[in-house]
Amino acid sequence: MHELMVRGGTPLRGTVKVKGSKNASLPVIAASMLTDGPVVIEEVPDLLDVRAMIEVVQSLGARAGYDPSRERLDIDASALKSLEPPTELVQNMRASFLVLGPLLARFGKATLALPGGCAIGSRPVDLHLKGLAGMGAEYSISGGVIEARADRLHGERIYLDYPSVGATENIMMAATLASGTTYIENAASEPEIVDLANFLNSAGARISGAGMKTIRIKGVEGLYSTRHSVIPDRIEAGTLLLSAAVTGGDVVVNNVLTDHLKPLMAKLKETGTVVEEVDPASIRVIREDRPKGADLKTMPYPGFPTDLQPQFMTLLALSNGTSLVTETVFENRFMHVDGLLRMNADIMVDGNRAVVQGKNTLRGAPVQASDLRAASALLLAGMAAEGTTIISNIDYLWRGHSCLEERLNNLGAQIECRAFPISYRAEKTGE
Ligand code: UD1
């Protein structure tokens, strides 16, 4: 286990580069199980979750070689030996459930554990299963393990009751090799869905409409070798922009796709923060005065992302005003509030709403991270606070960010990592 010691109070200044997207990399790795030939994936960040996903596909018999210095992943899934990833791997990371659709579509069979419960809500997989069943899959669940079968999946019109990101990805991947045409209606339209569709199309799939409410997938006989570069991580970009804002700094964040950050940019402007689109790949954030309060409601894309709600709450905790934060995506995503309260914030939680009464200062304190985005929110709070903050359980941060502390230190932050001689074992993911 590790903890971070953060000495707060220095406004961040300079330029920082965003890495490739975690939430785009994980489904693309799962999707490579559909391909019959070597695949090269670039801009894959060196994260605990990426390493775990690589272990999942290796456990199936895929050959996978990751070069962290080049952020390049080579996968060859032409000769898989198993259709049953080990339970421990699947339970520790929800995204590993994304191999279900590919295995079922390509081999007609898969056995895997249901993803475990996790910190930010119950997160069922009913929509994934309903979609696959609509395409002809049969499944049984016993002892927390699902066994699914299908002679050959067939195209279908599938309406998702909720635009789930994971369900859209699983169904879209499965449909690439189904007979006939599949329509996913009320599909999730997150940029990571578009990136996955681009990857699949480059391997020979016929997907149109990704990023819109209805996605059409015409089934093909097979998917083949390809090369793909993962999109920049919009959540990491947002976290860096918010780091500048909470510390009253002036930072240019490079390697972003500004279109993906519109909801955050609009909200930041509402707080009086200066946000400049330097060019289509860089955003500059400057904050001099105390931010104003702003109400916030998380929504599926293009609404405000739930993955930035905790970090934005840190900014609101320092605002000159009262803000209402409503979390509509996950039912239990206020785990960061406890830490912020210890740091002198004034926040009252009632169900899925939090009323944030802004304070002039936050004060350093010992706090504990409960999941990846809570870790980010507390790190931001620590950088903005007076005094020293110790954040324990910080390994969560590395599930989603590579070398974030070093990059923040290059901007003037004072963050030190301390390790403990307790063997680290990844806990159930927050995402
Ligand atoms: C993905 C992201 C995560 C992000 C989330 C929402 C990855 C690896 N993770 O998670 O970072 O916070 O999207 O943008 O990409 N639900 C159901 N039934 C289902 C599936 C989902 O009820 O079958 C519910 C969930 O409980 C949750 C909501 O739908 O309340 C959103 O979940 P979903 O969009 O599926 O998120 P994930 O794909 O798990």
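Every read-out reported here was derived from the displayed coordinates using simple, explicitly stated rules and does not represent laboratory data. Just so it is clear, the model here is predicted, and its values are computed rather than measured. Every residue, glycine as well, gets a Cβ built from its backbone with ideal geometry; the counts of neighbours run over all protein chains shown.
Please report the net charge: other residues with Cβ closer than 13 Å to the Cβ of Asn186, K and R +1, D and E -1. Let's see the in-between values first.
Details: positive: Lys130, Arg157, Lys213; negative: Asp161, Glu185.
Once all neighbours under 13 Å are counted, the net charge is +1.
Taking a ≥ b ≥ c as the square roots of the Cα gyration tensor eigenvalues, with a/c under 1.5 meaning rounded and otherwise prolate when a/b beats b/c, else oblate, which class fits the stretch 192-259?
Values: a/c = 5.15, a/b = 2.62, b/c = 1.97.
Prolate, since a/c reaches 1.5 and a/b exceeds b/c.
Let's test the formula: R0 of 35 Å, r as the Cβ-Cβ distance of Asp295 and Glu185. What FRET efficiency results, to the nearest 0.05? Before the final figure, lay out each step's value.
Details: r = 31 Å, r/R0 = 0.88.
It comes to 0.70.
Under 20 Å between alpha carbons, and skipping anything fewer than 8 positions from Lys267 in its own chain: which lysines qualify?
Lys292, Lys297, Lys359
Give me, ordered by chain and number, the residues 5 or more places off Glu386 or on other chains with an amide H under 5 Å from its own placed amide H.
Leu362, Arg363, Gly364
Do any GluC sites (Glu not before Pro) in the stretch 217-308 lie in a loop, going by DSSP, with at most 10 other beta-carbon atoms within 10 Å of their beta carbon, and if so which?
Glu221
Rank Ser69, Met33, Leu129 by how far each Cα sits towards the positive end of the charge dipole of the stretch 22-229 (+1 on Lys, Arg Cβ; -1 on Asp, Glu Cβ) and give me just the farthest.
Leu129
What is the count of Lys pairs in the stretch 22-229 whose alpha carbons sit under 20 Å apart, if the two are 8 or more places apart or on different chains?
Working: Lys81/Lys109; Lys109/Lys130; Lys130/Lys213; Lys130/Lys218.
Lysine pairs satisfying the spacing and distance rule in the stretch 22-229 number 4.
What is the fewest-to-most order of Thr273, Thr15, Thr168 by other Cβ atoms lying within 10 Å of their Cβ?
Numbers: Thr273 24, Thr15 13, Thr168 28.
In order of increasing Cβ crowding within 10 Å: Thr15, Thr273, Thr168.
Which residues' amide hydrogens lie under 5 Å from the amide hydrogen of Ser282, considering only partners 5 or more residues apart or on another chain, with H built in the peptide plane?
Val256
Applying the Karplus parametrisation 6.51 cos²θ - 1.76 cosθ + 1.60 with θ = phi - 60° to the phi angles of the stretch 404-415, what ³J(HN,Hα) value in whole Hz is obtained for each residue in order, glycine and proline being reported as x?
5, 4, 4, 5, 5, 4, 5, 8, x, 5, 10, 10
What is the extension gain from Gln58 to Glu277, computed as 0.36 nm multiplied by their sequence separation minus the C-alpha to C-alpha distance, in nm to one decimal?
Values: separation 219, 0.36 × 219 = 78.84 nm, distance 4.11 nm.
In short, 74.7 nm is gained.
Place +1 on the Cβ of every Lys and Arg and -1 on the Cβ of every Asp and Glu in the stretch 224-284, take the dipole about the Cα centre, and give the residue among Ile231, Leu264, Leu242 whose Cα lies farthest towards its positive end.
Towards the positive end, the residue furthest out is Ile231.
Would you please give the residues with an amide H less than 5 Å from that of Thr15, counting only those at least 5 places away or on a separate chain, with H modeled from the backbone geometry?
HN-HN under 5 Å from Thr15: Val252.
Where does helix 48-59 land angle-wise versus the long Cα axis of the chain, in degrees 0 to 90, nearest 10?
10
Sequence gap at least 6, Cα distance under 8 Å: using those rules, report the relative contact order of the stretch 301-431 to the nearest whole percent. It would help to have the intermediate numbers written out before the result.
Working: 202 pairs, mean separation 29.6, N = 131.
With pairs under 8 Å counted, the relative contact order is 23 percent.
Between Arg13 and Thr87, what is 0.36 nm times their sequence separation minus the Cα-Cα distance? Round to one decimal in nm. Present the calculation step by step, with values, prior to reporting the outcome.
Working: separation 74, 0.36 × 74 = 26.64 nm, distance 4.47 nm.
Contour length minus the Cα-Cα distance gives 22.2 nm.
Under a Cβ-only charge scheme (Lys and Arg +1, Asp and Glu -1), can you give me the dipole magnitude of the stretch 22-229 about the Cα centre, in debye to the nearest 20?
On the way: 19 positive and 24 negative charges, 79 e Å.
Roughly 380 debye, rounded to the nearest 20.
Modelled label-to-label distance, Asp338 and Arg72, 7 Å Cα→beta-carbon offset: nm?
Spacing of the two 7 Å Cα→Cβ label points: 4.4 nm.
Under the Kirkwood approximation applied to all pairs of distinct alpha-carbon atoms, what is the hydrodynamic radius of the stretch 22-229 in Å? Walk me through the numbers before you get to the answer.
On the way: mean 1/r = 0.0606 Å⁻¹.
It is 16.5 Å.
Just to verify a number: FRET efficiency for Arg152 and Ser229, C-beta to C-beta distance, R0 = 41 Å, to 0.05?
Working: r = 32 Å, r/R0 = 0.78.
Calculated transfer efficiency: 0.80.
Which percentage, to the nearest 5, of the DSSP beta bridges contained in the stretch 22-229 is antiparallel? Display every interim value, and only then the final one.
Values: 29 of 38 bridges.
Beta bridges within the stretch 22-229, antiparallel portion: roughly 75 percent.
Provide the per-residue ³J(HN,Hα) series for the stretch 357-372, in order, calculated from phi with Karplus coefficients 6.51, -1.76, 1.60 and θ = phi - 60°, each as a whole number of Hz, with x at glycine and proline positions.
9, x, 10, 5, 9, 9, 10, x, 7, x, 9, 10, 7, 10, 6, 4
For Cα pairs less than 8 Å apart in space and 6+ apart in sequence, what is the mean separation divided by the residue count of the chain, i.e. the relative contact order in percent? Write down the numbers at each step before the final one.
Working: 1100 pairs, mean separation 95.4, N = 431.
Computed over the chain, the figure is 22 percent.
So what are the ³J(HN,Hα) numbers for the stretch 230-236, from phi and the Karplus equation (6.51, -1.76, 1.60; θ = phi - 60°), rounded to whole Hz, Gly and Pro as x?
Residue by residue, the stretch 230-236 yields 6, 5, x, 7, 6, 6, 5 Hz.
Pairs of alpha-carbon atoms within less than 8 angstrom and 6+ residues apart define the contacts here; what relative contact order does the stretch 346-422 have, in percent? Walk me through the numbers on the way to the answer.
Details: 81 pairs, mean separation 19.2, N = 77.
RCO, the stretch 346-422: 25 percent.
Cα gyration tensor of the chain, axes a ≥ b ≥ c as square roots of the eigenvalues: rounded (a/c below 1.5), prolate (a/b > b/c) or oblate?
It is prolate, given that a/c is not under 1.5 and a/b is the larger ratio.
May I ask you to derive the FRET efficiency for Lys130 and Asp36 from their Cβ-Cβ distance with R0 = 45 Å, giving the value to the nearest 0.05?
On the way: r = 28 Å, r/R0 = 0.63.
My answer for the efficiency is 0.95.
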